[in-house]
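Notes follow the structure.
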Amino acid sequence: MVFSWDHKRSSVPAKTLADLVLACAEWVGSEWSRRLEVSREKELAEQRHRALINGTNDGLFEWNLVNNKVEFSDRWKQIVGYPVEAELSKPDDWFNQVESSDLAQLEADLAMCLAGQTESLRNQHRLTTADSNGETRWALCQAELVTDEDGEPIRLIGSISDTTEFKLAEEKLRHAAETDKLTNLPNRATLHEQLTKAIRRHKLTGGRRRFAMMFLDFDRFKVINDSLGHDAGDQLLIQIADRLREQVRVTDTAARIGGDEFIVLIEEVSDFEKVIQIADRLLEVFAEPFMIDGNEVTSTASIGIIDGSMGYEDADSAIRDADSAMYHAKSLGKARYAIFDQNMQDESLKRLVMERELRQAIGTDQIFMAYQPIVSVDDARVLGFEALVRWRHPELGIVQPDQFIHIAEETGLIVPLGKWILEESCRELVLMRRALPESEFTMNVNLSKRQLVQPDVVDTIRQVVHDAEVDPVWIKFEITESVIMDGRAPVTPTLESLRGLGFQLAMDDFGTGHSSLSCLHQFPIDVLKIDRSFIQSLDQHVEFAAVIQAIVTLAHTLELSVVAEGIETREQLAVLQALECDELQGYLFAKPLPIHEAIDYVSSSKAMLRSA
């Protein structure tokens, strides 16, 4: 501002002029103070901005799209591996550090943002740090586009975050979800996903992308697991997985789907004969002994093979058919392979039909109970019954349990069916005891492994028994020896809970699960049921009497009662009486009976005892 005044020419009074000069001076001082304050506020704002930029854990950047210069914060430089004092201003200072496999996607996302096709930029990529370490880090980039009044992009302002720890944790979780913990092979879920993709590719390419699959089950695994212990069984599974890895191509998938069951998915099959060659090689590899804790053990493989060109619609059906072929291989003598064919497919379809019909039959009058008496060894007095389910099929007639229970087990239908069996057994037990008030017999009800591993099984049983007004001491639950001995799905805590409620527990089919007599005391059981195979062998092999004698002696030492089942002849009865078995069950006394016949049987047996 320029100010000039000639007082000689002026006609303004001196006092007025003095006031004017004073006013001007005050204005100048005020304006100067205002401008100084603005300058100070601007400097403070810039300081706060710098502090914000350098204080945040994210690395900030501002890209001037007009002159193509980029301003990077100190934290940005640290994340990317540059020294803080480095003078950076080019986009390539960033892009040159991006992993080549991720750069194309970053550039594509950036181009879409600059073109206004996306509201903002969001991209996750890997960086190789610019320092001497050259380590790989994951970075999440987020940015907003700034445009001028004409809508033209002028700036891109954003940040990158170091997400390396998060990505590593995410990778661990993903690996855990997709991998079998023991063998480190892909698990069932991962195999299912890969198989689904293979089926889809086969369809989309009109059958040109052919695949095959092998279902492997290892013979004698349970014997090894039970005789040498579960740790030895785990070591065997690990060695099996190692041998599989050595044999499969990188394009194929070897997975453990549970227990001693493995699957090999073979992709890009040009000649099915190659699949057969792989199967032959696997049989040779697994014929070689394994070394487990200094012991040489053998566990050969039975292999079921499917050809993906058979037109599968989903992974489950492919696995089911490979499983069927594997069981066919076992039936032929184990340590061999079988290829799923039309005959097996017909059998598989029959199973599917039976599964559907069984699902519909549960809860209807097609399913009913029969009761086989369990009698005293001394006088054949009825001590209880074993509840056995039957299926009155509208076309097939009476279907025995061995024809449908395994289907119920495999499909999970055993859970609702088992609940219905318990409900019906309790209901008819009450009717029996009312019809025979002097009797105090019990009811044996079978529990399957699938039922026992349900988290609510104890609560369900308690509620069913309470609703039926049945005293728990009236019920004995039968659990097969193999279920109790299977440490891979421990059921002992559940059994202890049931026993604590007052139920008795019986180990069924004893002698078939390769358990040791010396470990019986470890399980919460009250009754030992000797498998019928021992009883039926008495007629041809006298030495089985010594085995039964040992079982009875040990059981009595442990204060367990012993039931011999499957008795069909008087000769068998005489031997078991001499061996001091406590209770007997078999066709010699009665076949499984419907409720009204069971009541009549008890009445007639009482009459016979009175007359005797």
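Using a cut-off of 25 Å between alpha-carbon atoms, which lysines can reach Lys350, once sequence neighbours fewer than 8 places away in the same chain are excluded?
Result set, ordered by chain and number: Lys330, Lys334, Lys449.
Roughly how large, in nm² to one decimal, is the mean projection of the convex hull of the alpha-carbon atoms in the range 190-342?
Working: hull surface 35.0 nm².
Average of the hull's projected areas for the range 190-342 equals 8.8 nm².
Write down the accessible area per residue of the chain in Å², having rolled a 1.4 Å probe over the full set of protein chains. Walk me through the numbers before you get to the answer.
On the way: 32600 Å² over 612 residues.
With the other protein chains kept in place, the chain gives 53 Å² per residue.
For the chain, with only Lys/Arg (+1) and Asp/Glu (-1) charged at the beta-carbon, what is the dipole magnitude about the Cα centre, in debye rounded to 20?
Numbers: 64 positive and 102 negative charges, 202 e Å.
Dipole size: approximately 980 debye.
Residue by residue through the range 468-479, what is 3J(HN,Hα) from phi via Karplus (6.51 cos²θ - 1.76 cosθ + 1.60, θ = phi - 60°)? Round to whole Hz and write x for glycine and proline.
7, 6, 10, 6, x, 5, 7, 10, 10, 8, 9, 10
Regarding the chain, what is the average projected area of its C-alpha convex hull, in nm²?
Numbers: hull surface 204.1 nm².
Result: 51.0 nm².
Please report Rg (one decimal) and Dmax (integer) in Å for the Cα set of the range 352-400.
Spelled out, the Cα radius of gyration and Dmax of the range 352-400 are 15.1, 47 Å.
Report the local net charge at Leu349: Lys and Arg +1, Asp and Glu -1, summed over other residues whose C-beta lies under 14 Å from its C-beta.
On the way: positive: Arg320, Lys350, Arg351, Arg356; negative: Glu313, Asp321, Asp341, Asp346, Glu347, Glu355, Glu357.
After counting each charged neighbour, the total is -3.
What is the percent carbon and sulfur in the accessible area of the range 352-457, measuring with a 1.4 Å probe over the protein chains and ignoring ligands? All intermediate terms of the calculation are to be shown ahead of the outcome.
Numbers: 2390 of 4850 Å².
Here it works out to 49 percent.
What aspartates and glutamates sit close enough to Lys591 to cross-link, taking a C-alpha to C-alpha distance under 14 Å and skipping anything fewer than 8 places away on the same chain?
Cross-link targets: Glu386, Glu565, Glu568, Asp600.
Suppose we keep just the alpha-carbon trace of the range 351-446; what are its Rg and Dmax in angstrom?
15.1, 47
Once phi is turned into ³J(HN,Hα) by the Karplus curve 6.51 cos²θ - 1.76 cosθ + 1.60 with θ = phi - 60°, what whole-Hz value does each residue of the range 118-131 show in order, with x for glycine and proline?
10, 6, 7, 9, 9, 8, 10, 8, 9, 10, 9, 4, 7, 7
The values are calculated or read from the model by the stated rules, or taken from the named source; none is laboratory data. Predicted model only: the values in this text are computed from it and were never measured. Neighbour counts are summed over all protein chains in view; Cβ atoms, including those assigned to glycine, are modelled from backbone coordinates with ideal geometry. Note: accessible area is taken over every heavy atom of the protein model, side chains too, but ligands, DNA and RNA are not part of it. Shrake-Rupley method; radii C 1.70, N 1.55, O 1.52, S 1.80 Å.
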